């Protein structure tokens, strides 16, 4: 991290500024340090260039604590003290942390640029230049990488260890700042950011609308928020997936990862490769494209690794919620957002864009 991030972050408990103690710097970046709230005195570590602003997280880094003389909590295992909602959050954190830190899942490829623009449509490349934005649930950095390339200064938030992969993929971009944090306790300034987007994240939360509402105070008046969530438009497919997930979300991640490789290999060998071959034949190309599902045409554009990652995502996440257009209109109406635009991404998801036209200190 660099000191510029102090312009964006505040204590998640009391919203006061942080003081910074630098323990170790490398190539002009702070690799290890400590953020201390100037008001409530809560402290959070900077480890491996990333501020870890989650209460109690310092105890999960015993080497850091021993190195700099911080006491390590020897009490009951953290999961014992957590509420059911917090336990679900931690399970989700572990699932996506495992997914996006696998070597094959953590590479940014050029095809992700078009994917990103599809998820945030009708926003275009020229929207980003000169703005300050937030990527909520940035994962391994495939979207924030392009938002920064388009000219925005970006803050990426993720609850899981995927933030480490995001750092590796964006460390050469000076306009990307990363923070490990909880969406329900965001350490970001209110009324500050020009835009926020959250792609494929909210539908995995225990209370998705609460997570959505937690983002709105961060936006300045006339700021934009864009989200993408799963659709209810495929009831049979969704029912089938959820039935399978009753088993797969209980399988240890290492074993499930191996199963997902097998599923992906079978689909790639017997579906994707034949489609790619037949699609090269001019005589039948039109017929083939009318016959096959959109997902087949989509995955044919990406490496095998992307198919594996999506299988793991599909089968491992503790929670998945699905929405229709009216559900999402209700979210944006209750939040008093204006200029709302809703559109589908085929039958599997919804993208929604809205504008906040009030100051957070005022009652919407």
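For residues in segment 9-22 being surrounded by 15 or more Cβ atoms within 10 Å (Cβ to Cβ) and part of a strand (DSSP E or B), which is farthest from the chain's Cα centre (by Cα)?
Per the criteria, the residue is 20.
Test residue 127 against the stated conditions and say whether it is surrounded by 17 or more Cβ atoms within 10 Å (Cβ to Cβ) and out of contact with any helix residue (DSSP H, G or I) (no Cβ under 8 Å at 6 or more places or on another chain).
Answer is yes for this residue.
Go through (1) within 30 Å of residue 88 (Cα to Cα); (2) surrounded by 15 or more Cβ atoms within 10 Å (Cβ to Cβ); (3) touching a helix residue (DSSP H, G or I) at 6+ places or on another chain (Cβ under 6 Å) and name the single condition residue 346 misses.
Single failed check for residue 346: (2).
Within segment 276-312, which residues are in contact (Cβ under 8 Å) with a residue 12 or more places away in the chain, in a helix (DSSP H, G or I) and more than 25 Å from residue 257 (Cα to Cα)?
Scanning segment 276-312 gives 276, 288.
Which condition does residue 89 not pass, out of (1) surrounded by 15 or more Cβ atoms within 10 Å (Cβ to Cβ); (2) farther than 26 Å from residue 174 by Cα; (3) modelled with pLDDT of 90 or more, if it passes all the others?
Only one criterion in (1) surrounded by 15 or more Cβ atoms within 10 Å (Cβ to Cβ); (2) farther than 26 Å from residue 174 by Cα; (3) modelled with pLDDT of 90 or more is unmet by residue 89, namely (3).
Among the residues of segment 212-249, what is the count of those that are buried (at least 16 other Cβ atoms within 10 Å of the Cβ) and either assigned to a strand (DSSP E or B) or without any contact (Cβ under 8 Å) to a residue 40 or more places away in the chain (or both)?
Of the residues in that region, 12 qualify.
Can you tell me how many residues within segment 23-57 are outside any loop (DSSP other than H, G, I, E, B), under 12 Å from residue 3 (Cβ atoms) and over 21 Å from the mean Cα position of the chain (by Cα)?
5
Need the failing condition index for residue 271 against (1) surrounded by fewer than 18 Cβ atoms within 10 Å (Cβ to Cβ); (2) within 24 Å of the chain's Cα centre (by Cα), just the number.
(2)
Restricting the search to segment 189-207, which residues are part of a helix (DSSP H, G or I) and touching a strand residue (DSSP E or B) at 6+ places or on another chain (Cβ under 7 Å)?
Let us first name the residues in segment 189-207 that are part of a helix (DSSP H, G or I), namely 202-204.
Within segment 189-207, 202, 203 meet the criteria.
What number of residues within segment 328-343 satisfy the criterion of being touching a residue at least 24 places away in the same chain (Cβ under 8 Å), surrounded by 13 or more Cβ atoms within 10 Å (Cβ to Cβ), more than 20 Å from the chain's Cα centre (by Cα) and farther than 25 Å from residue 15 by Cα?
Total satisfying the criteria: 1.
Tell me, please, whether a residue that is at pLDDT 95 or above and part of a loop (DSSP other than H, G, I, E, B) can be found in segment 99-116.
No; the residues of segment 99-116 include none that is at pLDDT 95 or above and part of a loop (DSSP other than H, G, I, E, B).
The values are calculated or read from the model by the stated rules, or taken from the named source; none is laboratory data. Source: prediction; values computed, not measured. Don't worry about glycine lacking a Cβ; one is built from the backbone with ideal geometry, like all the others, and counts go over all protein chains shown.
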